[in-house]
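S.K.: Below you'll find the structure I mean.
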Amino acid sequence: MASEKARESGSFDEYNEALLDRKAMQELQDKFCEAQHVYARCFSRTRGVVTDVFGGEEELAWLNSRISAETYMTLLQRLVASPYENVLEAETGDPVIRCCGLAVRVKGAIVALWVVMGVIGGEEEDEAFPEKLMRTTTSDFDRALELLETMSKKLLTARMDEIFAEEATKRVEDEREEIRRKLKRNEAVTNIVLMQESENSFSGIVNDILEQAVNYLELTHAGLWRISRDGETVDMIAEYSYENSVSYMKKVRRVPVDRIPFLTGKPYMISSDSVKPGDFERLFQEYHIHAAVSLPVEVGGKAGMYLTFMEAKRPRIWDVTDIKFLNDVRQIIQSILERRIQRNSLASSYASLEAVLENAGCALFVEEPNEEKILFLNRAFKDLFPESGRLKNIRDLFMPEKIPLENKFTEVYSAAGKKWIDFRTTPITWVDGSKVNLYTLVDVSERKKKILELEKELDTDALTGLHNRRRCERTLDRYIKESSGSEDGGALILVNIDDFKAINEGIGHSYGDLLLKQVAQDLLKLPGIENNCYRLEGDTFAILLTNLQIYLLNDIVEEIRAMFVRPWYLKGEDYYCNMCLAVVRYPEDAETAAEMFVKADVAMSDAKRSGKNRISHYNDSVEMTDIRRTDMERCLREAVENDCEEFVVYYQPVTDIRDGMDKCKGAEALLRWDSKELGMVSPSDFIPMAEYLGLIGRIGAHVMAEACRSLRYWNDYGHPEFRVSINLSMFQILQSDIVDTIARVLRETGVLPANVTLDVTEAMSVTDLGRMKRVLFEIRRLGVKVALDDFGIGNSSLNHIRELPIDQIKIDTSFVRDIQEDKYSAAFVRLVAELAHTIGLTTTVEGVETEEQLKELREIGTEFIQGYYFGKPMKKSEFEELFV
């Protein structure tokens with residue numbers, strides 16, 4: 001596939017147009033330039049200019065007079081030629097103008113190029129400047145470049161991942177569809193072959209066979225025509241119509257033979273695009289047919305019957321597999337007819353059956369089960385297993401316990417044939433009346449190979465080439481099971497690079513990626529590691545030791561410590577970085593992979609709190625004491641079992657500041673646990689435990705019901721404009737019944753759905769964007785609103801605003817804390833607010849605590865405010881006293 005080649009070569013040129021959508025990039029550029037007071041233009045490596053420069057004619061003419069086109073081209077050529085540099089500055093020779101080129105790399109390949117210009121100061125010069133010329137400062141210009149790189153890279157990376165995922169999904173679906181088609185054909189052939197033993201009437205058997213053929217090929221109609229003894233007329237004696245859509249049985253009664261042009265003893269395969277002679281054109285119009293196949297069936301040595309297969313609803317082009325299948329059907333019906341005519345002629349029946357089985361389109365093997373005697377092998381079987389001439393029975397090819405039960409396809413491996421086979425056993429009655437086994441075999445080796453290749457791709461970290469977390473979890477589970485009963489267990493080692501974010505920001509993401517690759521290669525060189533080294537995520541690596549390698553634990557820990565004492569050569573210089581290391585043993589510390597990772601995270605947190613270059617071995621004192629954790633888990637389970645009575649919903653007011661009246665327009669519902677035994681427990685302590693124990697679904701449903709009941713009361717008694725926001729965690733979204741749960745709460749509480757807003761975080765959308773979109777569309781169909789919470793942190797992407805079905809953006813509190821001094825934060829909030837207003841969304845800013853912050857946000861134009869300035873989270877009674 002193209003995506004595989006792109007990943008291997010590091011080139012995404014063929015995806016360039018899909019990645020760099022002109023409209024989207026122009027909109028991003030214009031908003032960015034207006035907010036940052038700079039001028040910019042986007043270029044593609046393969047298509048040249050992507051966007052028009054932002055600004056008026058007078059401004060652009062002035063800039064062009066100062067900077068030549070040759071300067072731009074030289075700058076772009078330098079960027080393309082540099083394997084590591086993302087930002088280069090051109091020598092303009094003008095003290096008031098800075099011109100920089102920015103290369104946006106996705107997975108190491110350049111996919112977009114920006115030229116950014118800024119006018120620095122210039123007020124003290126005598127020369128006249130255009131009236132509307134935008135100016136900036138040196139520090140603001142540098143920040144603008146960093147912001148543009150981050151926004152572009154996240155937008156393009158998300159789009160690239162989406163393209164790759166679509167291609168991989170299509171590849172797997174195509175392979176699955178091919179297997180489904182083959183299995184469907186094999187099932188149809190097997191069912192039709194079995195009908196030879198039926199004692200029904202001839203027309204009844206033919207009806208059943210025609211039904212199988214019509215359903216397999218998805219046709220409109222099939223029928224059997226019989227010519228009268230005098231040869232003058234024809235009647236239809238059997239038919240099957242898909243869903244009874246059309247019937248010709250009554251119409252075809254004693255029809256003169258000369259009115260039906262295909263009654264010539266020859267087969268006809270007429271597709272929708274075939275040229276039809278006059279008689280056939282008339283017949284197709286009379287019977288409203290698009291395409292048809294007619295096959296003669298011999299009676300007494302001449303064509304006395306005709307099988308017809310017709311498509312009357314849509315155009316159809318017959319292919320070779322269709323015709324081959326229909327010929328097989330004809331031969332089976334011919335065989336049945338001959339058996340009815342000559343019941344005592346076993347040789348004739350066997351010859352017909354052999355002809356059918358030889359052309360079945362799959363490998364067939366017939367065996368007498370008691371004596372294990374081979375009765376028949378068709379040509380396809382012999383081609384599949386060239387050594388079949390030496391076979392004594394089917395067990396020479398497969399392990400006996402691997403041979404599937406009757407009427408069930410099983411994927412098995414043949415060591416003799418070195419092939420993967422889809423294998424099915426069907427008991428049938430042979431031509432002589434004996435009970436035999438019919439084995440159907442389909443070679444799926446190529447499909448299996450592609451699946452294994454895809455599994456390898458899914459298990460591999462694209463940057464370092466190491467196995468990823470998905471593979472690590474599976475392998476660790478297997479190691480734990482294999483060590484059961486052994487005196488020695490194994491271990492999980494986590495290695496985390498300290499302050500990796502600072503390395504990325506200090507010397508650039510490309511060098512950060514280079515550091516990760518060097519760490520991966522050095523870990524692989526450690527004695528005894530072999531293939532048990534993994535990159536879990538970001539700057540975290542894992543090493544697994546089996547019960548046969550555990551004696552190396554201390555040596556490996558010391559080797560890793562020594563690795564980070566030495567410098568790493570990056571950007572032409574030596575760089576020193578620190579790490580923290582966590583060790584968890586099995587089975588003494590944990591007995592499942594999930595527990596191992598939880599406790600490894602606990603040990604890593606302990607190491608991080610202790611400082612740099614720390615090593616932490618998990619033990620009970622690292623985490624909360626066993627008694628404390630056990631008590632909390634027990635109390636949490638009891639609280640849920642007791643109808644969640646201990647869980648209290650607090651409410652924090654949400655204020656509308658648009659008209660200057662600063663009115664409360666509702667609240668955000670926040671979960672608190674007032675345990676009878678433990679007292680008030682912090683949400684940061686019990687919510688992760690509830691998610692780990694699988695209890696968050698019931699707790700979340702309780703919070704939703706309580707919040708909706710409160711909202712219904714407020715709406716009914718004087719505040720119809722009040723709305724409530726309710727948080728949905730990733731674990732709730734991933735539950736299959738989440739939409740049904742929300743619908744049930746809305747129905748039982750009777751609340752107006754439009755007054756309910758469900759908050760989801762960006763982290764969820766990054767996990768599975770496709771699934772998130774589907775679930776949110778279903779939720780919105782219930783009438784509730786959806787808000788994108790914590791926007792601006794983590795894996796933020798403007799693409800999420802476009803892709804996800806949302807009504808509101810909630811900007812994270814980190815952008816409010818220093819909004820008066822931090823121009824980046826102010827520009828980001830303004831950019832998001834203006835973008836939301838343009839596309840019809842509302843914005844809520846969280847964490848507002850001071851009058852100065854409120855004033856700044858009011859000037860920016862945000863609509864809703866939430867924070868301690870208007871009220872902390874409070875009990876329902878306190879909220880109602882203050883605001884209701």
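The values are calculated or read from the model by the stated rules, or taken from the named source; none is laboratory data. Just so it is clear, the structure is predicted and the values come from calculations on it, not from any experiment. Counting neighbours? That spans all protein chains shown, and the Cβs are built from the backbone with ideal geometry, glycine included. Ligands, DNA and RNA are excluded from the accessible area calculation, which covers all protein heavy atoms including side chains. Shrake-Rupley method; radii C 1.70, N 1.55, O 1.52, S 1.80 Å.
S.K.: Using a simple spin-label model with points 7 Å from Cα along the Cα→Cβ vector, what separation in nm is obtained for Lys184 and Arg282?
M.R.: 3.7 nm
S.K.: Still on this structure, please answer the following. For Asn215 and Glu358, compute 0.36 nm times the residue count separating them, minus their Cα-Cα distance, and round to one decimal in nm. Before the final figure, lay out each step's value.
M.R.: Working: separation 143, 0.36 × 143 = 51.48 nm, distance 2.29 nm.
49.2 nm is the gain from fully extending Asn215 to Glu358.
S.K.: Can you give the accessible area per residue of region 708-755, in Å², using a 1.4 Å probe?
M.R.: Details: 2420 Å² over 48 residues.
Heavy-atom SASA per residue in region 708-755 reads 50 Å².
S.K.: For the ranges 38-49, 554-565, what's the packing order if you count other beta-carbon atoms within 10 Å of each residue, average per peptide, and put the highest first? Before the final figure, lay out the partial values.
M.R.: Details: 38-49: 18.2, 554-565: 14.8.
Descending packing order for the listed peptides: 38-49, 554-565.
S.K.: Label points 7 Å out from Cα along the Cβ direction at Arg66 and Thr410: separation in nm?
M.R.: Calculated label separation equals 7.9 nm.
S.K.: Per residue, how many Å² of accessible area does region 126-203 show with a 1.4 Å probe?
M.R.: Values: 4080 Å² over 78 residues.
Counting only protein heavy atoms, the per-residue value for region 126-203 is 52 Å².
S.K.: Taking a threshold of 32 Å on the Cα-Cα distance, which of the pairs Lys313/Lys435; Lys170/Lys599; Lys599/Lys665; Lys571/Lys773; Lys107/Lys450; Lys501/Lys773 fall above it?
M.R.: Lys313/Lys435; Lys170/Lys599; Lys599/Lys665; Lys571/Lys773
S.K.: How much net charge surrounds Gln26 when only other residues with a Cβ under 11 Å from its Cβ are counted (Lys, Arg +1; Asp, Glu -1)?
M.R.: On the way: positive: Arg22, Lys23, Lys31, Arg41; negative: Asp21, Glu27, Asp30, Asp52.
It works out to a net charge of 0.
S.K.: While we're on this one: Taking the square root of 5 times each eigenvalue of the Cα gyration tensor, what semi-axes in Å does the equivalent ellipsoid of the chain have, largest first?
M.R.: 64, 37, 34
S.K.: PRE reach from Arg566 (point 7 Å along Cα→Cβ): which of region 519-555 fall under 18 Å by backbone N?
M.R.: 519-530, 555
S.K.: Additional query: Please state, as a whole number in µm²/s, the translational diffusion coefficient that the Stokes-Einstein equation yields for region 216-335 at 4 °C and 1.567 mPa s, with Rh defined as the Kirkwood radius across alpha carbon pairs.
M.R.: Values: Rh = 14.6 Å.
The estimated diffusion coefficient comes to 89 µm²/s.
S.K.: Going 7 Å from the Cα of Glu175 in the Cα-to-Cβ direction, what parts of region 459-497 have a backbone nitrogen less than 16 Å from that spot?
M.R.: From region 459-497, the list is 459-460.
S.K.: For a Förster distance of 45 Å, can you work out the FRET efficiency between the beta-carbons of Asn578 and Thr138, rounded to the nearest 0.05?
M.R.: Values: r = 32 Å, r/R0 = 0.72.
The computed FRET efficiency comes out at 0.90.
S.K.: OK, next. Within the chain, what whole-number % of the accessible surface is contributed by carbon and sulfur, with the 1.4 Å probe and all protein chains included in the calculation?
M.R.: On the way: 20710 of 42750 Å².
Answer for the chain: carbon and sulfur cover 48 percent of the accessible area.
S.K.: Using just the helices of the chain, give the 222 nm mean residue ellipticity in deg cm²/dmol: DSSP H runs with n ≥ 4 each add -39,500 (n - 2.57), and the total is spread over all residues, rounded to 500. Please report the intermediate quantities before stating the final value.
M.R.: Values: 28 runs with 377 residues, N = 884.
So the helix-based figure for the chain works out to -13500 deg cm²/dmol.
S.K.: Cβ under 10 Å from Asp513's Cβ, Asp513 left aside: what net charge do those residues give with Lys, Arg +1 and Asp, Glu -1? It would help to have the intermediate numbers written out before the result.
M.R.: Numbers: positive: Arg105, Lys107, Lys517; negative: none.
Around Asp513, the surrounding residues sum to +3.
S.K.: Given the peptides 529-536, 800-807, 489-496, arrange them by the average over their residues of other C-beta atoms within 10 Å, most packed first.
M.R.: Most protected by this proxy first, the peptides run 489-496, 529-536, 800-807.
S.K.: Say each of Ala303 and Ser486 gets a label point 7 Å from the Cα, pointing the same way as Cα to Cβ; how far apart are those two points in nm?
M.R.: For the pair Ala303/Ser486, the computed spacing is 7.3 nm.
S.K.: Another question, then. What FRET efficiency comes out for Thr92 versus Asp737 if R0 is 60 angstrom and r is the Cβ-Cβ distance? Round to the nearest 0.05. Working shown, then result.
M.R.: Values: r = 62 Å, r/R0 = 1.03.
Step by step, r from the Cβ atoms, then E = 0.45.
S.K.: If you don't mind, there's one more thing I want to ask. Between Asp601 and Leu548, what is 0.36 nm times their sequence separation minus the Cα-Cα distance? Round to one decimal in nm.
M.R.: Values: separation 53, 0.36 × 53 = 19.08 nm, distance 2.45 nm.
Contour length minus the Cα-Cα distance gives 16.6 nm.
S.K.: With r as the distance between the Cβ atoms of Arg78 and Arg22 and R0 = 25 Å, compute the FRET efficiency 1/(1 + (r/R0)^6) and round to 0.05. Mind showing how you got there, number by number?
M.R.: Values: r = 25 Å, r/R0 = 1.00.
E(calc), rounded to 0.05, equals 0.50.
S.K.: Tell me the angle of helix 683-693 to the major Cα principal axis of the chain, expressed in degrees between 0 and 90 and rounded to the nearest ten.
M.R.: Long axis of 683-693 versus the principal axis of the chain: about 10 degrees.
S.K.: If packing is taken as the average count of other Cβ atoms within 10 Å, what order do 586-592, 325-331 fall into, highest mean first? Could you put the intermediate results ahead of the total?
M.R.: On the way: 586-592: 17.1, 325-331: 21.3.
Order by mean packing, descending: 325-331, 586-592.
S.K.: If you don't mind, another one. Around Phe284, with a cut-off of 15 angstrom between Cβ atoms, what is the net charge of the other residues, counting Lys and Arg +1 and Asp and Glu -1? All intermediate terms of the calculation are to be shown ahead of the outcome.
M.R.: On the way: positive: Lys251, Arg259, Lys276, Arg282, Lys313, Arg314, Arg316; negative: Asp273, Asp279, Glu281, Glu286, Glu311.
Taking every Cβ under 15 Å from that of Phe284, the sum is +2.
S.K.: Just to confirm my numbers, what's the Cα centroid distance between region 236-256 and region 720-760 in Å?
M.R.: 55 Å
S.K.: With 24 Å as the limit, write out which pairs from Lys154/Lys872; Lys676/Lys785; Lys663/Lys875 have Cα-Cα distances beyond it, or answer none.
M.R.: Pairs exceeding 24 Å: Lys154/Lys872; Lys676/Lys785.
S.K.: Continuing with the same structure: Could you work out the pair-distance distribution P(r) of region 27-108 from its alpha-carbon pairs, with 5 angstrom bin width and percents rounded to whole numbers?
M.R.: 3, 12, 23, 27, 21, 11, 3, 1
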